[in-house]
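**Q** Please read through the structure below; I'll follow up with questions.
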Amino acid sequence: MSIFDQNGNHEIDRLELAPEGDGVFALFAAGLKEGTRYGLRADGPYAPEKGLWFDSDKLLADPYAVEIDRPYAYDPRLSANRRGGDTAALMPKAVVRERLPETVPAPPLFRPGGLTYELSVRAFTMRHPDVPAQDRGTIRALAHPAVIDHLVRLGVSAVELMPVTAWIDERHLPSLGLANAWGYNPVTFMALDPRLAPGGPADLRDAVAALHQAGIGVILDLVFNHTAESDVLGPTLSLRGLDSHAYYRHAACGQLVNDTGTGNTLRCGHPVVQELILDSLRHFVRATGVDGFRFDLAPVLGRTGSGGFDADAPLLQAIRSDPLLCDRILIAEPWDIGPGGYQLGNFRSPFLEWNDRFRDDVRRFWRGDTGMVGALATRLAGSSDVFAKESAGSSRTVNFIAAHDGMTLADLVAYEHKHNEANGEQNRDGHDDNLSWNNGVEGVTVDPEIVARRANDIRALLAMLFAARGTIMLTAGDEFGRSQQGNNNAYAQDNDLTWLDWASRDQEMERYVMALSTLRRSVPALNETGFLTGQATAGETVPDVEWLTETGTALRQSDWEDADRRRLVMMLEQGTAEGGRLAVIVNGDIGACTFTLPERQGYSWTAALEAAFQAVPGRSVAFMIELKEGADGDH
């Protein structure tokens, strides 16, 4: 253990840890003052081809550090071979804290069925005109009244913060003049990145408290599938230098397993790794009071010694049963790139799961693909084909149209192809199949007809999201038309390309989303998580949903099988507390159409959104609500 001066620049002492068995080394360092800087060193065999990386010249970050004194910055010397020079001057130091203040964890505010709002702290706040300049780009900005007001008006149930723990740039970025903008390249799992939290854990704790005061939960997006130490050419920063075999999965030949696409894969079947992850989750609950967690490439957490996925793997069971974690919101990104890595629907309750089937089927329908009306209805009804076997009547889906990874919502209808040239990889990076369309012109246009069609398509996609059963997710800025100029892999664009442009936002679109959110919260049938089955629910005599044609008749088997059908009505029984129904009218055809809704005595149909928010005819979605007539015949 290397001890440094208060500035972290000069090593002033070394303390030796003693072996305690089972590969554990420990030291009780009495007398270290508050604020002392330190790092770790480890010596032993050096044979990277066998997964051995011991090098006492490499200063290593403490995996249990809860605060570091500066951000990580890539330098080629961090990747040098053994005896390539001492790296202490290049490394942040852990900061000693005598006692970390703890909160008394309250039950999570967020409940499945609500609206999660995915945001990058830096991108979300860097250009916000109401946030003080010194707080822009930091977690402190999330507590600003103007930020919270926006979230409240959107009806956000919980913000989902993209990684806020300390990360380092990928080694190829500095030479390109680029920097990691997303944070999915972690080094330490508990320490917040000083660029986002200059005040350490207190910044996050205070922001959580302010958001909770406004009724908004906080979900942390955490990366427990890999670290920034990457492949054999990557830097030695922490786990690799301490015990690579314990912390990372290796093949029989000694090579690192790469089920993540980043060069290494955490060995989540090892007890030491399991305890580190559990302790990290407990830390954030105790120290900051967060409501839950989203797990990046979550199948890695359930990979067994053989490399396969097991929903009942020890780590996943431990998270579900831990007294401090069992009531937290848990969200899985249910895929990685390893063997059998696509595990959508296979996590156990209470895990919610990002549902890319919803994303893709909704995109295909509105792009104009044939034969999609049945798939659209299944997605709107909660995706029982995916989640019924593990969900006991309620869907664990997290529905989304767009996320941080991929095109923005506005770009989906403006770019048929990705445009990632700014990433410096000759447009080779990012997905090629985006299920996107451009409405006749690739990219920016001033043609009023194309601009109108694009706005109409965005409204239709948003309407599908807010009409769907289950939890829904909106990515920050998609409510007001943010664009990344067709870049579908903007992880390295820490600049105006990803920073939200608050001054130029589409406020009409923003108001439409607010109206959708208000409608969703006010209509019982829209904010529940139970699957829509077409059967009567308990205590009722009519089905929970009816699927109708544009003429108001029930869809027949031949209608479902009609590859060219692009119109339907989702008639929801629980539209109002007074017994009225809600009709979600979907016209996926380019031509306008008059829909006929079934009438009932004592009720009348009226638009469920203000007229100013109605989509224009053709390729649109409308909401009609059935209200009970008064004695005088008024609605």
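**Q** Evaluate the following for ALA410: is it in contact (Cβ under 8 Å) with a residue 60 or more places away in the chain, out of contact with any Asp or Glu (no Cβ under 9 Å at 6 or more places or on another chain), of a type in the set (A, V, I, L, M) and not in a loop (DSSP other than H, G, I, E, B)? Working first, answer last.
**A** Working: in contact (Cβ under 8 Å) with a residue 60 or more places away in the chain: yes; out of contact with any Asp or Glu (no Cβ under 9 Å at 6 or more places or on another chain): no; of a type in the set (A, V, I, L, M): yes; not in a loop (DSSP other than H, G, I, E, B): yes.
Against the criterion (in contact (Cβ under 8 Å) with a residue 60 or more places away in the chain, out of contact with any Asp or Glu (no Cβ under 9 Å at 6 or more places or on another chain), of a type in the set (A, V, I, L, M) and not in a loop (DSSP other than H, G, I, E, B)), ALA410 does not qualify.
**Q** Name the pairs: first residue in region 247-261 and under 21 Å from GLN343 (Cβ atoms) and in contact (Cβ under 8 Å) with a residue 40 or more places away in the chain, second residue assigned to a loop (DSSP other than H, G, I, E, B) and small (Gly, Ala, Ser), Cβ to Cβ under 7 Å, at least 6 apart or on different chains?
**A** Hits for this filter: VAL257/ALA251; ASP259/GLY338; ASP259/GLY341.
**Q** Here's a follow-up. State all residues of region 323-345 that are assigned to a loop (DSSP other than H, G, I, E, B) and closer than 24 Å to TYR248 by Cα; if no residue qualifies, say none. Reasoning before the result, please.
**A** Narrowing region 323-345 to residues assigned to a loop (DSSP other than H, G, I, E, B): 323-328, 333-334, 336-341, 343-345.
Within region 323-345, GLU333, PRO334, ASP336, ILE337, GLY338, PRO339, GLY340, GLY341, GLN343 meet the criteria.
**Q** Within region 590-602, is there a residue that is in contact (Cβ under 8 Å) with a residue 24 or more places away in the chain, surrounded by 13 or more Cβ atoms within 10 Å (Cβ to Cβ) and closer than 20 Å to ASN456 by Cα?
**A** yes
**Q** Another question about this same structure. Can you spot a residue in region 210-224 that is charged (D, E, K, R) and touching a Ser or Thr at 6+ places or on another chain (Cβ under 9 Å)? Full working, then the answer.
**A** Start the filter on region 210-224 by keeping residues that are charged (D, E, K, R), which leaves 221.
So of that shortlist, the ones also touching a Ser or Thr at 6+ places or on another chain (Cβ under 9 Å) come out as none.
Taking every residue of region 210-224 in turn, none turns out to be charged (D, E, K, R) and touching a Ser or Thr at 6+ places or on another chain (Cβ under 9 Å).
**Q** From the list PRO101, PRO174, PRO132, exactly one residue is over 25 Å from MET473 (Cβ atoms), modelled with pLDDT under 95 and out of contact with any Gly (no Cβ under 9 Å at 6 or more places or on another chain). Which is it?
**A** Values: PRO174 fails: modelled with pLDDT under 95; PRO132 fails: modelled with pLDDT under 95.
The match here is PRO101.
**Q** For the list (1) crowded, with 16+ Cβ neighbours inside 10 Å; (2) out of contact with any strand residue (DSSP E or B) (no Cβ under 9 Å at 6 or more places or on another chain); (3) under 29 Å from THR236 (Cα atoms), I need the number of the one condition that ASP336 fails.
**A** With respect to (1) crowded, with 16+ Cβ neighbours inside 10 Å; (2) out of contact with any strand residue (DSSP E or B) (no Cβ under 9 Å at 6 or more places or on another chain); (3) under 29 Å from THR236 (Cα atoms), ASP336 is out only on (2).
**Q** Separate question: Of the conditions (1) surrounded by fewer than 20 Cβ atoms within 10 Å (Cβ to Cβ); (2) within 16 Å of ARG379 (Cβ to Cβ); (3) in contact (Cβ under 8 Å) with a residue 40 or more places away in the chain, ARG521 fails just one. Which one is it?
**A** Failed condition: (2).
Residue-wise test of (1) surrounded by fewer than 21 Cβ atoms within 10 Å (Cβ to Cβ); (2) over 17 Å from ASP429 (Cα atoms); (3) over 18 Å from the mean Cα position of the chain (by Cα); (4) modelled with pLDDT of 95 or more.
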{"site": "GLU160", "(1), (2), (3), (4)": "no, yes, no, yes"}
{"site": "THR165", "(1), (2), (3), (4)": "no, yes, no, yes"}
{"site": "ILE168", "(1), (2), (3), (4)": "no, yes, yes, yes"}
{"site": "LEU178", "(1), (2), (3), (4)": "yes, no, yes, yes"}
{"site": "GLY183", "(1), (2), (3), (4)": "no, yes, no, yes"}
{"site": "THR188", "(1), (2), (3), (4)": "no, yes, yes, yes"}
{"site": "ALA197", "(1), (2), (3), (4)": "no, yes, yes, yes"}
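**Q** Shifting gears a bit: Would you be able to tell me the number of residues in region 206-216 that are outside any loop (DSSP other than H, G, I, E, B) and surrounded by 22 or more Cβ atoms within 10 Å (Cβ to Cβ)? Steps first, please.
**A** We begin by selecting, within region 206-216, every residue outside any loop (DSSP other than H, G, I, E, B); these are 206-213.
When the remaining residues are screened for being surrounded by 22 or more Cβ atoms within 10 Å (Cβ to Cβ), the result is 207-208, 211.
Of the residues in region 206-216, 3 are outside any loop (DSSP other than H, G, I, E, B) and surrounded by 22 or more Cβ atoms within 10 Å (Cβ to Cβ).
**Q** So in region 477-506, with the set limited to residues that are surrounded by fewer than 21 Cβ atoms within 10 Å (Cβ to Cβ) and out of contact with any helix residue (DSSP H, G or I) (no Cβ under 7 Å at 6 or more places or on another chain), which one is farthest from VAL451 (Cα to Cα)?
**A** Of everything passing the filter in region 477-506, ASN495 is farthest from VAL451 (Cα to Cα).
The values are calculated or read from the model by the stated rules, or taken from the named source; none is laboratory data. Keep in mind the model is a prediction, meaning the values are calculated, not measured. Neighbour counts run over all protein chains shown; Cβ positions are idealised from the backbone, glycine included.
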